[in-house]
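Peer 1: This is the structure I want to talk about, given as C-alpha coordinates.
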Amino acid sequence: MKKNKIVWQLPFLVLLIVGTVVIIRHQSSIPYQHNSGMVFGTTYNITYQCDSNLHNSIIRELEKVDEALSPFNKKSVITAVNNNHDIEVNDMFADVFLLAQKISDDTSGDFDITVAPLVNAWGFGFKNGTQPTKHNIDSLKNIIGYKKVRLEGRKVVKKDKRLMLDCSSIAKGYGSDVVARFLQKRGVKNYMVEIGGEIVTKGISPKRVPWKIGVTRPIDDSLSVSKELQSVINVTDKAMATSGNYRNFYYKNGKKYAHTIDPHTGYPVQHNILSATVIADNCATADAYATAFMVMGLEKAQKLLERHPELMAYFIYSDKDGKNKTWCSEKLKKKVAEL
(Lines give C-alpha, C1' and ligand atoms only; values in the text may rest on other atoms or scores of the structure.)
Protein backbone atom coordinates (compact mmCIF):
# COMPACT_ATOMS: atom_id res chain seq x y z
CA MET A 1 0.00 0.00 0.00
CA LYS A 2 2.81 2.41 0.91
CA LYS A 3 4.59 1.50 -2.35
CA ASN A 4 1.52 2.43 -4.42
CA LYS A 5 1.18 5.72 -2.55
CA ILE A 6 4.80 6.63 -3.31
CA VAL A 7 4.31 5.72 -7.00
CA TRP A 8 1.28 8.02 -7.22
CA GLN A 9 3.17 10.84 -5.51
CA LEU A 10 6.22 10.68 -7.78
CA PRO A 11 4.67 12.56 -10.75
CA PHE A 12 3.63 15.40 -8.43
CA LEU A 13 7.12 15.58 -6.92
CA VAL A 14 8.70 15.66 -10.38
CA LEU A 15 6.26 18.38 -11.47
CA LEU A 16 7.06 20.40 -8.36
CA ILE A 17 10.82 20.12 -8.93
CA VAL A 18 10.55 21.00 -12.63
CA GLY A 19 8.27 23.95 -11.83
CA THR A 20 10.70 25.24 -9.21
CA VAL A 21 13.64 25.00 -11.64
CA VAL A 22 11.66 26.85 -14.33
CA ILE A 23 10.72 29.64 -11.87
CA ILE A 24 14.33 30.00 -10.67
CA ARG A 25 15.65 30.11 -14.24
CA HIS A 26 13.04 32.67 -15.23
CA GLN A 27 13.84 34.82 -12.21
CA SER A 28 17.57 34.59 -12.96
CA SER A 29 16.95 35.82 -16.49
CA ILE A 30 15.19 39.01 -15.33
CA PRO A 31 17.68 41.89 -15.53
CA TYR A 32 18.57 44.30 -12.74
CA GLN A 33 17.83 47.95 -13.48
CA HIS A 34 20.03 50.77 -12.12
CA ASN A 35 18.63 54.29 -11.65
CA SER A 36 20.42 57.29 -10.14
CA GLY A 37 20.05 61.04 -9.89
CA MET A 38 19.69 63.97 -7.49
CA VAL A 39 16.87 64.57 -5.01
CA PHE A 40 16.48 66.41 -1.67
CA GLY A 41 19.87 68.04 -2.26
CA THR A 42 21.63 64.67 -2.35
CA THR A 43 22.11 61.66 -4.64
CA TYR A 44 20.02 58.53 -5.01
CA ASN A 45 20.95 55.10 -6.35
CA ILE A 46 18.31 52.42 -6.89
CA THR A 47 18.94 48.86 -8.08
CA TYR A 48 16.04 46.48 -8.69
CA GLN A 49 15.23 43.33 -10.63
CA CYS A 50 12.52 44.05 -13.16
CA ASP A 51 11.75 43.44 -16.85
CA SER A 52 11.16 47.16 -17.40
CA ASN A 53 12.88 50.34 -16.26
CA LEU A 54 10.66 52.15 -13.74
CA HIS A 55 12.77 55.28 -13.39
CA ASN A 56 10.10 57.76 -14.53
CA SER A 57 7.62 56.36 -12.03
CA ILE A 58 10.27 56.37 -9.27
CA ILE A 59 11.01 60.04 -10.01
CA ARG A 60 7.31 60.82 -9.61
CA GLU A 61 7.27 59.07 -6.21
CA LEU A 62 10.28 61.13 -5.13
CA GLU A 63 8.60 64.30 -6.36
CA LYS A 64 5.63 63.54 -4.11
CA VAL A 65 7.94 63.37 -1.09
CA ASP A 66 9.63 66.62 -2.17
CA GLU A 67 6.23 68.31 -2.56
CA ALA A 68 5.34 67.30 1.00
CA LEU A 69 8.58 67.69 2.96
CA SER A 70 11.19 69.84 1.21
CA PRO A 71 11.82 73.27 2.80
CA PHE A 72 13.72 74.17 -0.41
CA ASN A 73 10.52 73.72 -2.46
CA LYS A 74 8.58 76.99 -2.21
CA LYS A 75 5.33 75.17 -3.03
CA SER A 76 5.77 72.25 -0.63
CA VAL A 77 3.43 71.47 2.25
CA ILE A 78 6.14 72.04 4.86
CA THR A 79 6.98 75.45 3.37
CA ALA A 80 3.32 76.45 3.63
CA VAL A 81 3.26 75.24 7.26
CA ASN A 82 6.43 77.18 8.07
CA ASN A 83 4.91 80.29 6.47
CA ASN A 84 1.76 79.82 8.59
CA HIS A 85 -0.57 79.37 5.62
CA ASP A 86 -4.01 77.99 6.47
CA ILE A 87 -3.77 74.61 4.73
CA GLU A 88 -4.65 70.99 5.27
CA VAL A 89 -1.56 68.77 5.13
CA ASN A 90 -1.43 65.67 2.93
CA ASP A 91 -0.94 62.01 3.92
CA MET A 92 2.84 62.03 3.48
CA PHE A 93 3.34 65.07 5.68
CA ALA A 94 0.99 63.65 8.33
CA ASP A 95 2.76 60.25 8.32
CA VAL A 96 6.18 61.81 8.86
CA PHE A 97 4.98 64.39 11.39
CA LEU A 98 3.25 61.78 13.58
CA LEU A 99 6.23 59.39 13.43
CA ALA A 100 8.58 62.26 14.32
CA GLN A 101 6.43 63.19 17.33
CA LYS A 102 6.37 59.58 18.50
CA ILE A 103 10.18 59.30 18.33
CA SER A 104 10.56 62.71 20.01
CA ASP A 105 8.50 61.39 22.94
CA ASP A 106 10.54 58.18 23.06
CA THR A 107 13.87 60.08 23.07
CA SER A 108 12.77 62.79 25.53
CA GLY A 109 13.17 65.41 22.83
CA ASP A 110 16.65 64.43 21.63
CA PHE A 111 14.99 64.04 18.24
CA ASP A 112 13.05 67.20 17.40
CA ILE A 113 11.94 68.44 13.96
CA THR A 114 11.28 71.95 15.36
CA VAL A 115 15.01 72.59 15.75
CA ALA A 116 15.17 74.30 12.31
CA PRO A 117 15.68 77.88 13.61
CA LEU A 118 18.74 76.76 15.57
CA VAL A 119 20.11 74.72 12.66
CA ASN A 120 19.75 77.78 10.44
CA ALA A 121 21.27 80.09 13.05
CA TRP A 122 24.40 77.94 13.17
CA GLY A 123 24.81 78.21 9.39
CA PHE A 124 23.28 74.88 8.37
CA GLY A 125 19.79 74.06 7.10
CA PHE A 126 17.85 75.96 4.45
CA LYS A 127 18.75 79.53 5.47
CA ASN A 128 22.21 81.03 5.74
CA GLY A 129 23.05 82.35 9.17
CA THR A 130 25.99 83.78 11.05
CA GLN A 131 27.30 82.20 14.21
CA PRO A 132 24.74 83.01 16.92
CA THR A 133 25.40 84.68 20.26
CA LYS A 134 24.28 83.15 23.55
CA HIS A 135 21.42 85.66 23.57
CA ASN A 136 20.36 84.49 20.07
CA ILE A 137 20.43 80.86 21.17
CA ASP A 138 18.43 81.49 24.34
CA SER A 139 15.81 83.40 22.32
CA LEU A 140 15.52 80.64 19.74
CA LYS A 141 15.23 77.95 22.44
CA ASN A 142 12.03 79.67 23.55
CA ILE A 143 10.57 79.04 20.09
CA ILE A 144 11.53 75.41 19.52
CA GLY A 145 10.11 72.28 21.10
CA TYR A 146 8.16 69.37 19.64
CA LYS A 147 5.49 69.78 22.34
CA LYS A 148 4.74 73.27 20.99
CA VAL A 149 3.23 71.92 17.78
CA ARG A 150 0.55 69.33 17.09
CA LEU A 151 -1.66 67.97 14.34
CA GLU A 152 -5.41 68.51 14.75
CA GLY A 153 -7.10 66.60 11.98
CA ARG A 154 -5.22 67.86 8.93
CA LYS A 155 -4.19 71.19 10.41
CA VAL A 156 -0.83 71.97 12.06
CA VAL A 157 -1.33 74.00 15.22
CA LYS A 158 1.64 75.93 16.66
CA LYS A 159 1.96 77.59 20.05
CA ASP A 160 4.31 80.12 18.46
CA LYS A 161 3.97 81.25 14.83
CA ARG A 162 7.77 81.58 14.60
CA LEU A 163 8.16 77.82 15.11
CA MET A 164 9.47 76.08 11.98
CA LEU A 165 9.66 72.44 10.97
CA ASP A 166 12.63 70.75 9.33
CA CYS A 167 12.26 67.08 8.41
CA SER A 168 15.74 66.66 6.92
CA SER A 169 16.61 64.15 9.66
CA ILE A 170 13.80 61.81 8.61
CA ALA A 171 12.80 62.75 5.03
CA LYS A 172 15.55 60.88 3.15
CA GLY A 173 14.72 57.71 5.06
CA TYR A 174 11.02 58.22 4.40
CA GLY A 175 11.76 58.78 0.71
CA SER A 176 13.60 55.45 0.57
CA ASP A 177 10.56 53.78 2.19
CA VAL A 178 8.22 55.37 -0.37
CA VAL A 179 10.26 54.06 -3.31
CA ALA A 180 10.56 50.62 -1.68
CA ARG A 181 6.77 50.44 -1.22
CA PHE A 182 6.29 51.44 -4.85
CA LEU A 183 8.62 48.63 -6.01
CA GLN A 184 6.78 46.15 -3.78
CA LYS A 185 3.47 47.13 -5.37
CA ARG A 186 4.98 46.55 -8.80
CA GLY A 187 5.90 43.02 -7.75
CA VAL A 188 9.65 43.64 -7.47
CA LYS A 189 11.15 41.11 -5.06
CA ASN A 190 14.83 42.10 -5.15
CA TYR A 191 15.92 45.71 -4.71
CA MET A 192 18.16 48.20 -2.95
CA VAL A 193 16.99 51.82 -2.56
CA GLU A 194 19.53 54.38 -1.36
CA ILE A 195 18.91 58.11 -0.89
CA GLY A 196 21.76 60.09 0.63
CA GLY A 197 23.04 57.01 2.43
CA GLU A 198 19.63 55.95 3.80
CA ILE A 199 18.89 52.45 2.52
CA VAL A 200 16.11 49.88 2.17
CA THR A 201 16.86 46.38 0.86
CA LYS A 202 14.84 43.35 -0.14
CA GLY A 203 15.81 39.92 -1.42
CA ILE A 204 19.17 39.45 -3.13
CA SER A 205 21.67 41.55 -5.07
CA PRO A 206 22.66 41.10 -8.75
CA LYS A 207 25.44 38.80 -7.46
CA ARG A 208 22.69 36.49 -6.12
CA VAL A 209 23.81 37.07 -2.52
CA PRO A 210 22.33 39.12 0.36
CA TRP A 211 22.82 42.89 0.10
CA LYS A 212 25.99 44.11 1.80
CA ILE A 213 26.26 47.81 2.71
CA GLY A 214 29.46 49.64 3.60
CA VAL A 215 29.75 52.00 6.58
CA THR A 216 32.09 54.90 5.81
CA ARG A 217 35.02 55.54 8.12
CA PRO A 218 34.31 58.86 9.92
CA ILE A 219 37.01 61.07 8.43
CA ASP A 220 36.39 64.83 8.09
CA ASP A 221 35.09 64.93 4.53
CA SER A 222 32.87 67.92 3.76
CA LEU A 223 33.17 67.28 0.01
CA SER A 224 32.10 63.60 0.36
CA VAL A 225 35.09 62.37 -1.62
CA SER A 226 36.33 59.78 0.87
CA LYS A 227 35.11 56.25 0.21
CA GLU A 228 37.17 54.53 2.92
CA LEU A 229 35.03 51.96 4.72
CA GLN A 230 35.02 51.11 8.42
CA SER A 231 32.95 47.96 7.99
CA VAL A 232 30.45 46.11 5.81
CA ILE A 233 27.05 45.07 7.15
CA ASN A 234 24.79 42.36 5.78
CA VAL A 235 21.49 44.22 5.38
CA THR A 236 18.72 42.13 3.83
CA ASP A 237 14.98 42.77 4.14
CA LYS A 238 15.77 45.69 6.46
CA ALA A 239 16.36 49.44 6.37
CA MET A 240 19.57 51.18 7.41
CA ALA A 241 20.41 54.83 8.08
CA THR A 242 23.60 56.53 9.20
CA SER A 243 24.11 59.90 10.85
CA GLY A 244 27.51 61.50 11.36
CA ASN A 245 29.15 64.86 11.83
CA TYR A 246 32.14 64.20 9.59
CA ARG A 247 30.61 65.55 6.37
CA ASN A 248 28.43 68.52 7.32
CA PHE A 249 30.54 70.87 9.42
CA TYR A 250 32.69 74.00 9.32
CA TYR A 251 35.59 75.51 11.21
CA LYS A 252 35.57 79.01 12.68
CA ASN A 253 38.35 80.51 14.78
CA GLY A 254 39.95 77.07 14.97
CA LYS A 255 36.84 75.35 16.36
CA LYS A 256 34.77 72.72 14.57
CA TYR A 257 30.98 73.17 14.39
CA ALA A 258 28.96 70.12 13.34
CA HIS A 259 25.44 70.14 11.91
CA THR A 260 23.74 68.02 14.61
CA ILE A 261 22.22 70.50 17.06
CA ASP A 262 21.22 69.47 20.58
CA PRO A 263 17.63 70.77 21.00
CA HIS A 264 18.15 71.02 24.79
CA THR A 265 21.27 73.20 24.75
CA GLY A 266 20.92 74.92 21.38
CA TYR A 267 24.55 74.14 20.55
CA PRO A 268 26.17 71.64 18.14
CA VAL A 269 26.65 68.28 19.89
CA GLN A 270 30.02 67.54 21.43
CA HIS A 271 29.43 63.87 22.28
CA ASN A 272 31.83 61.02 21.56
CA ILE A 273 29.77 59.32 18.83
CA LEU A 274 31.29 60.04 15.43
CA SER A 275 28.84 57.94 13.43
CA ALA A 276 25.55 56.22 14.31
CA THR A 277 24.14 53.53 12.03
CA VAL A 278 20.69 52.15 12.81
CA ILE A 279 18.93 49.13 11.29
CA ALA A 280 15.15 48.99 11.57
CA ASP A 281 12.08 47.68 9.76
CA ASN A 282 11.62 51.00 7.95
CA CYS A 283 14.10 53.68 6.95
CA ALA A 284 12.26 56.72 8.35
CA THR A 285 12.52 55.18 11.83
CA ALA A 286 16.18 54.25 11.32
CA ASP A 287 16.93 57.78 10.05
CA ALA A 288 15.30 59.50 13.04
CA TYR A 289 16.93 57.29 15.68
CA ALA A 290 20.36 57.67 14.04
CA THR A 291 20.00 61.45 14.50
CA ALA A 292 18.73 61.04 18.08
CA PHE A 293 21.70 58.82 18.99
CA MET A 294 24.12 61.48 17.73
CA VAL A 295 22.50 63.90 20.20
CA MET A 296 22.38 61.40 23.09
CA GLY A 297 25.92 60.13 23.12
CA LEU A 298 26.99 56.50 23.52
CA GLU A 299 25.78 55.54 27.01
CA LYS A 300 22.32 57.03 26.69
CA ALA A 301 21.91 55.49 23.21
CA GLN A 302 22.85 52.05 24.55
CA LYS A 303 20.22 52.34 27.29
CA LEU A 304 17.52 53.29 24.80
CA LEU A 305 18.43 50.29 22.62
CA GLU A 306 17.78 48.01 25.60
CA ARG A 307 14.14 49.15 25.41
CA HIS A 308 13.97 48.54 21.66
CA PRO A 309 14.96 44.98 20.71
CA GLU A 310 13.56 45.64 17.22
CA LEU A 311 16.36 48.16 16.58
CA MET A 312 20.02 47.37 15.91
CA ALA A 313 22.83 49.92 15.98
CA TYR A 314 26.48 50.24 15.04
CA PHE A 315 28.43 53.14 16.58
CA ILE A 316 31.83 54.51 15.75
CA TYR A 317 33.01 56.63 18.67
CA SER A 318 36.07 58.30 20.08
CA ASP A 319 37.39 56.88 23.35
CA LYS A 320 38.99 58.88 26.18
CA ASP A 321 42.36 58.71 24.39
CA GLY A 322 40.89 60.05 21.14
CA LYS A 323 41.10 56.67 19.36
CA ASN A 324 38.24 55.46 17.17
CA LYS A 325 36.37 52.47 18.56
CA THR A 326 33.24 50.58 17.49
CA TRP A 327 30.24 49.18 19.35
CA CYS A 328 27.30 47.26 17.94
CA SER A 329 24.12 45.55 19.11
CA GLU A 330 24.55 41.89 20.02
CA LYS A 331 22.11 40.81 17.27
CA LEU A 332 24.14 42.75 14.71
CA LYS A 333 27.56 41.29 15.47
CA LYS A 334 27.19 38.33 13.12
CA LYS A 335 26.16 40.67 10.29
CA VAL A 336 29.19 42.98 10.58
CA ALA A 337 32.54 42.48 8.87
CA GLU A 338 35.16 44.88 10.24
CA LEU A 339 37.73 46.03 7.68
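The values are calculated or read from the model by the stated rules, or taken from the named source; none is laboratory data. This is a predicted model, so every value here is computed, not measured. Using ideal geometry, Cβ is built from the backbone for each residue, glycine included, and neighbour counts are taken over all protein chains shown.
Peer 1: Please enumerate the residues belonging to region 193-231 that are hydrophobic (A, V, I, L, M, F, W, C) and at pLDDT 90 or above. Let's see the steps before the verdict.
Peer 2: Taking region 193-231 as the starting set, the residues that turn out to be hydrophobic (A, V, I, L, M, F, W, C) are 193, 195, 199-200, 204, 209, 211, 213, 215, 219, 223, 225, 229.
Result: V193, I195, I199, V200, I204, V209, W211, I213.
Peer 1: OK, next. Quick check on region 116-129. Is at least one of its residues surrounded by fewer than 15 Cβ atoms within 10 Å (Cβ to Cβ), modelled with pLDDT under 95 and not assigned by TED's automatic domain parsing to the domain that holds S243?
Peer 2: Yes, region 116-129 contains a residue that is surrounded by fewer than 15 Cβ atoms within 10 Å (Cβ to Cβ), modelled with pLDDT under 95 and not assigned by TED's automatic domain parsing to the domain that holds S243.
Peer 1: Does G297 satisfy the condition of being buried (at least 16 other Cβ atoms within 10 Å of the Cβ), small (G, A, S), without any contact (Cβ under 8 Å) to a residue 40 or more places away in the chain and not assigned by TED's automatic domain parsing to the domain that holds S104?
Peer 2: So G297 passes the test.
Peer 1: Please work out which residue is nearest to V39 (Cα to Cα), limiting yourself to region 146-203 and to residues that are assigned to a helix (DSSP H, G or I) and in the same structural domain as C50 (by TED's automatic domain parsing).
Peer 2: Y146
Peer 1: Of all residues in region 232-254, count the ones that are modelled with pLDDT under 85, within 17 Å of the chain's Cα centre (by Cα) and not in a loop (DSSP other than H, G, I, E, B).
Peer 2: 1
Peer 1: If I filter region 146-175 down to residues being at pLDDT 95 or above and hydroxyl-bearing (S, T, Y), which single residue comes out as farthest from D86 (Cα to Cα)?
Peer 2: Here the residue is Y174.
Residues are listed down the side, and each one gets a yes or a no for (1) in contact with a strand residue (DSSP E or B) (Cβ under 6 Å, 6 or more places away or on another chain); (2) surrounded by 22 or more Cβ atoms within 10 Å (Cβ to Cβ):
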site: T265; (1), (2): no, no
site: N272; (1), (2): yes, no
site: A301; (1), (2): no, yes
site: R307; (1), (2): no, no
site: A313; (1), (2): yes, yes
site: D321; (1), (2): no, no
site: W327; (1), (2): yes, no
site: E330; (1), (2): no, no
site: V336; (1), (2): yes, no
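Peer 1: Sticking with this structure for a sec: Identify, please: which residue in region 79-98 is in contact with a Leu (Cβ under 9 Å, 6 or more places away or on another chain) and in a helix (DSSP H, G or I) and is, among those, nearest to K64 (Cα to Cα)?
Peer 2: Filtering region 79-98 for residues in contact with a Leu (Cβ under 9 Å, 6 or more places away or on another chain) gives 81-82, 89, 92-94, 96-98.
Narrowing the set further to residues that are in a helix (DSSP H, G or I) leaves 81-82, 92-94, 96-98.
Working: V81: 16, N82: 18, M92: 8, F93: 10, A94: 13, V96: 13, F97: 16, L98: 18 Å.
Among them, the one singled out is M92.
Peer 1: Just the residues that are among the polar types (S, T, N, Q) and out of contact with any helix residue (DSSP H, G or I) (no Cβ under 9 Å at 6 or more places or on another chain), please, taken from region 42-92.
Peer 2: Result: T43, N45, T47, S52, N53, N56, T79, N83, N84.
Peer 1: Any idea which of (1) farther than 30 Å from R162 by Cα; (2) surrounded by 14 or more Cβ atoms within 10 Å (Cβ to Cβ) is the one N82 doesn't satisfy?
Peer 2: (1)
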